[in-house]
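One structure below.
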Amino acid sequence: MDSEQIHKAMRDRRPVMYEGTRYDRITEYVAWYDANKKLQLSVVLLAGNYTIRVPADKVAPIEDK
């Protein structure tokens, strides 16, 4: 997902997919610089009682039917 899609999904509290698993919503959008001074982007996904932090570009929106 790109930044605009992530912001929209967060604002609308929409479910998303990551590696074939559905997550309730994105709770955080995180940016940091790795050891090689390269910008990295990740999101924190909520599923029930737990969260998982994953690369932002690996998350997909769930389309309305």
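Taken together, the values in this text are just the output of simple stated rules run on the coordinates, not laboratory data. In this text, all values refer to a predicted model and were calculated from it rather than measured experimentally. In this analysis, Cβ positions are derived from the backbone assuming ideal geometry, glycine residues included, and neighbour counts consider all displayed protein chains.
Please list, ordered by chain and number, the residues whose modelled amide H lies under 5 Å from the amide H of ARG14; skip anything fewer than 5 residues away on the same chain.
Answer set, sorted by chain and number: ILE26.
Please arrange TYR23, TYR18 by how many other C-beta atoms lie within 10 Å of their C-beta, fewest to most.
TYR18, TYR23
Take THR27, THR21 and order them by how many other Cβ atoms sit within 10 Å, fewest up front.
THR21, THR27
Kindly provide the pair-distance distribution of the chain built from C-alpha pairs, with 5 Å bins from 0 and whole-percent values in order of increasing distance.
4, 18, 32, 23, 12, 7, 3, 0, 0
Roughly how many nanometres apart are two label points built 7 Å out from the Cα toward the Cβ at GLN5 and ALA47?
So the label points at GLN5 and ALA47 sit 1.9 nm apart.
Grab the DSSP H runs of the chain that are 4 residues or longer, score each as -39,500 (n - 2.57), total them, divide by all residues and round the 222 nm result to the nearest 500 deg cm²/dmol.
Theoretical 222 nm ellipticity from helices: -4500 deg cm²/dmol.
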